[in-house]
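Worksheet: one structure, shown below.
Readers should treat all values here as calculations from the given coordinates under stated rules, not as data from a laboratory. Remember, predicted model here, so these are calculated numbers, not experimental data. Every residue, glycine among them, receives a Cβ derived from its backbone with ideal geometry; neighbour counts consider all protein chains shown.
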Amino acid sequence: MIMKNMYLCCLLIILTACGPDQIVVDLPSPNKSVHVEVRKCPQAGAFLQWTEMAQVSVLEAGRSEPCNSFVNALVQFDSKVADEQLELEWISDKVLRAWHPTFSPDYGPVNTTVRAGSNVRIQFSPKS
């Protein structure tokens, strides 16, 4: 019985660690110097349940960012719901408009990370 439970626990850990990590959107800026990459990722901290999120990263052209990582991104935020309601639109070469109905109208998503010295800005607002 103990071996069976241990086997099941190990299997759950392996399946959780092997969650999705796939690019679902790759949208270049108008001058193609940067791009926004949306990945379907396992939600960080989701241990015994399969929870997906969308990780949105703005990166220099030719670079990518794996799930739950902030190494290459100029700006990054998560949308806790990985669905088609996420709106992304380049307003200019350095300004990205992003919106999801779960975002706060005052400040956008719960967490946004910006690399020091980044000249890319995200405007969190619905399409007007």
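Take the Cα of Ile23, step 7 Å along the line toward its Cβ, and report every residue of the range 70-104 whose backbone nitrogen sits under 18 Å from that point. It comes to 70-77, 88-90, nothing else. Sparse packing (at most 11 other Cβ atoms within 10 Å of the Cβ) combined with a DSSP loop state is found for the following GluC sites (Glu not before Pro) in the range 64-102: Glu84.
Put simply, the amide H of Thr51, placed in the peptide plane, has neighbours under 5 Å in Gln43, leaving out anything fewer than 5 places away on its chain.
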